[in-house]
Amino acid sequence: MYLTPALARTIKPHGMTGPEIRRGSDALHLSEDEKRQVLDRAMSDPKSRLWWLTTNKGTSRTAIADIWKRITRLQRKYLVRPYSLRGLESSGGLHAHIPFIGTPDIVRSLTAASFGAVVDIAPVHNADRLIRRYFTKERTPQAGYGREHVLGGRLRGSHRLDGGGDRVRLSRDLERDAISAGAVEDWQRTNARRTDKRKGYRLRGAGPLARAPKLAGQLPLLIELGSQAPRVRGRVCTRRRGFGDQAPLPSPRIIAARDRGADRSISRADRECPARPRSDLAGGREPAPGRVARS
């Protein structure tokens, strides 16, 4: 039996980590290789190339997620490999960088969308310089130690994201292909916390959010559980009475107690809720005189 090793989380609260930088760089190079091979694929448009989308500062996570989903849908619509990655930054307000493989038609559809005013799209001419210098400027000091000549400058201070979560995420197809090809190491995903307030779940106990008790499945079938249903010591009597003019038979406990001469030991519940005859329960024959029908 082989145990799968636990995946490690790659996030830090104050900046982009080294594993996240490697993930974005390796995934972007895989996208570049896909762009070079795009002419050999019959399903792809020969005009496709690598594009870079940046949202305005202060864009919400919900809007960023909608923009990223729109990119993936348009890629599938125009028969382009749905490769893209999303990086989050917090300087000056939350915003995202999304490199993706696209065509001029995809770019026009994105700029004409309802969020077209909050995005800026441009073609990528130097992917290495873009991902290793511009994309990593909010890295942690540990991630850039000894590699300033490769990664370029770093913005000083702590760069915290509201809600946390992974700063670099890959599209589903790019993540699957990159991990299977060994270009990207698998990691433990960390989702962002959308709100600091706890949801008002309906509690099962008492309180203003308590859940109302549900009736049992048999209760709606009992015609006597209405306003005229008899109550014995605070509870509803659920035993069915006899039909028509037929007098209901007493319960076996009452008959046994009468035979012993201990009528006082009979509870009030048994007196007021006698058992119904077998014919009412199973639709059988009437019990013979002198014989007791067991309930």
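The values are calculated or read from the model by the stated rules, or taken from the named source; none is laboratory data. Quick caveat: nothing in here was measured; it's all calculated off a predicted structure. With ideal geometry, Cβ positions are generated from the backbone for all residues, glycine too; neighbour counts draw on all protein chains shown.
Observations
- Output for the stretch 75-95, where each listed residue is surrounded by fewer than 21 Cβ atoms within 10 Å (Cβ to Cβ) and not charged (D, E, K, R): TYR78, LEU79, PRO82, SER90, SER91, GLY92, GLY93, LEU94, HIS95
- Scanning the stretch 17-49 for residues that are outside any helix (DSSP H, G or I) and modelled with pLDDT under 90 gives GLN37, ARG41, ALA42, MET43, SER44, ASP45, PRO46, LYS47, SER48, ARG49.
- Of the residues ILE131, ILE106, the single one that is surrounded by 14 or more Cβ atoms within 10 Å (Cβ to Cβ), in contact with a Phe, Trp or Tyr (Cβ under 8 Å, 6 or more places away or on another chain) and hydrophobic (A, V, I, L, M, F, W, C) is ILE106.
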